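The values are calculated or read from the model by the stated rules, or taken from the named source; none is laboratory data. This one's a predicted model, so the numbers in the text were calculated from it and none came from an experiment. All Cβ positions, glycine included, derive from the backbone under ideal geometry; neighbour counts span all protein chains shown.
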Amino acid sequence: MAPQVVPPSSDFDWSKLAFDLYPTAGHVKYVWKPETGWGEQQFVESPYLNVHISAVGIQYGASCFEGLKAFRQEDGQVKLFRPDENSARLNHSAAALSMPEVPKDIFLEACHTVVARNLQFVPPHAPYGGAGSCYVRPTLIATGAELGLVPGNEFTFFVYVTPLGSLYGSAGGKAPAVDAVVVHEFDRAAPMGTGTIKAGGNYAPVLKYQAQAKKQGYAITLHLDSKTRSQIDEFSTSNFIAIKKRASDDEKPTLVYPKSESILKSVTAKSLMDIARSLGWNVDHRPIPFQEVIDGGLEEVMACGTAAAITPIRSITYLKEDGEQAKVSIGDGQNAGPRTLELLQNLTGIQAGNKEGPAGWLWPA
Ligand code: COI
């Protein structure tokens, strides 16, 4: 039997949807205890969590999260994009932070239930995804109360949703290009450190650099590798992808994605590599020296992630060795390049169900 179709709420002004939190019907929650493992699913209307002040997650930062999206299809049904990938990544983070695994079936059931109970908050269908989706935020946190530095004996897994507009303004298969700046004053993730996990603690230290950059007119901040400060790692909010400059127009496009031990492995980046291969492009997964940006070796650059979707980058500003600032223009220095738009239209077309994608990418909500 086809799932029930619940239309988007008519009380909501969908044309004003922002990248923000909106009230919903509630979230789902599971609690892990040593005697029982993961308990029953609870649906909680309140958006608050009642946690001990000495919870390990609060005091020592044992907390990680995921971000995925659900999209309304043309027939009104709602589909989740690759939740199985987020399940695997959450467990990678959980293992690194000494938290119990969340079994895949619990993760999928949680995402399914929370979206199914909030269908009225999933924005209207738009070919290429429009600017609207339903953002799903699975979170795992150590809620056991401890004073010592130990993992604790209680963990909470909860998943909430919010209707979501675009983070950097992409909509309807188009995306405005933004200016990026390299963060030179701070190392995001040490080699062999926490860079590959989606821990809350990886994000907080970046806030002040991001705020500073915004004041100076840069929408997004870029991190180089911490060991040599010469290779591209990722943006503070998303992964880095580029299209290599071609020697001639006949050469097929090459998508370049940084190989690094310190970046979060983006589900969007993985999907874009698959899309690029399906378009007959080359995919080059290798360390990317920042010098390649300086030398003009990259024709197009984009930030990609669940929240960022695909955000074209039109310039990257950095500090030269002499401490002077320099700005490298990407492409025409103004607009998204053609390959970026091609990837965006393919990805968002697949997510909205208007383009056929690989089997297993869309899951019923
Ligand atoms: C996501 O893309 O889901 C994220 O978690 C990015 C967040 C920093 C806004």
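Some notes on this structure:
- Condition met for GLY305 (away from the ligand (no atom under 16 Å from the Cβ) and buried (at least 18 other Cβ atoms within 10 Å of the Cβ)): no
- Given (1) of a type outside the set (D, E, K, R); (2) in contact with a Leu (Cβ under 8 Å, 6 or more places away or on another chain); (3) not in a loop (DSSP other than H, G, I, E, B), index of the condition THR139 fails: (2)
- If the condition is being more than 16 Å from the ligand (Cβ to nearest atom) and more than 19 Å from ASP295 (Cα to Cα), then the stretch 228-249 contributes only ASP249.
- When LEU80 is tested against the conditions (1) under 19 Å from TRP38 (Cα atoms); (2) touching a residue at least 40 places away in the same chain (Cβ under 8 Å); (3) surrounded by 18 or more Cβ atoms within 10 Å (Cβ to Cβ), the lone failure is (1).
- Close pairs from the stretch 90-106: first among the charged types (D, E, K, R), partner assigned to a helix (DSSP H, G or I), Cβ under 7 Å, at least 6 apart: GLU101/ASN91; GLU101/ALA94; LYS104/ASP84; LYS104/SER87
- Number of residues in the stretch 289-332 that are part of a loop (DSSP other than H, G, I, E, B), touching a residue at least 24 places away in the same chain (Cβ under 8 Å) and more than 19 Å from ALA269 (Cβ to Cβ): the value is 3.
- Output for the stretch 270-287, where each listed residue is surrounded by fewer than 23 Cβ atoms within 10 Å (Cβ to Cβ) and either within 16 Å of the ligand (Cβ to nearest atom) or in a loop (DSSP other than H, G, I, E, B) (or both): LYS270, SER271, LEU279, GLY280, TRP281, PRO287
- In the set PHE186, PHE158, only one residue is away from the ligand (no atom under 15 Å from the Cβ) and surrounded by fewer than 19 Cβ atoms within 10 Å (Cβ to Cβ); that residue is PHE186.
- Total residues in the stretch 152-180, condition modelled with pLDDT under 90 and of a type in the set (A, V, I, L, M, F, W, C): 3
- Residues in the stretch 308-343 that are in contact with a Pro (Cβ under 8 Å, 6 or more places away or on another chain) and either within 16 Å of the ligand (Cβ to nearest atom) or of a type in the set (S, T, N, Q) (or both): ASN335, THR340.
- Screening VAL28 with (1) at pLDDT 95 or above; (2) farther than 27 Å from SER266 by Cβ; (3) hydrophobic (A, V, I, L, M, F, W, C); (4) in contact with a helix residue (DSSP H, G or I) (Cβ under 9 Å, 6 or more places away or on another chain) gives one miss only, at (2).
- GLY129 vs. criteria modelled with pLDDT under 95 and either within 14 Å of the ligand (Cβ to nearest atom) or under 20 Å from the mean Cα position of the chain (by Cα) (or both): yes
- Residue count, the stretch 111-134 (criterion: surrounded by fewer than 24 Cβ atoms within 10 Å (Cβ to Cβ) and either acidic (Asp, Glu) or not in a loop (DSSP other than H, G, I, E, B) (or both)): 8
- Residues being buried (at least 19 other Cβ atoms within 10 Å of the Cβ), in a loop (DSSP other than H, G, I, E, B) and of a type in the set (Lys, Arg) are entirely absent from the stretch 18-35.
- Of residues in the stretch 41-78 being of a type in the set (D, E, K, R) and more than 22 Å from PRO100 (Cα to Cα), the one nearest to the ligand (Cβ to nearest atom): LYS69
- Residue within the stretch 299-307 that is small (Gly, Ala, Ser), at pLDDT below 95 and touching a Phe, Trp or Tyr at 6+ places or on another chain (Cβ under 9 Å) present: yes
- Any hit, the stretch 242-253, residues being of a type in the set (Ser, Thr, Tyr), in contact with a Pro (Cβ under 8 Å, 6 or more places away or on another chain) and over 19 Å from SER315 (Cα atoms): no
- Every test in (1) more than 19 Å from the chain's Cα centre (by Cα); (2) at pLDDT 95 or above; (3) of a type in the set (Lys, Arg); (4) under 21 Å from ARG339 (Cα atoms) is passed by LYS214 save one, and that test is (4).
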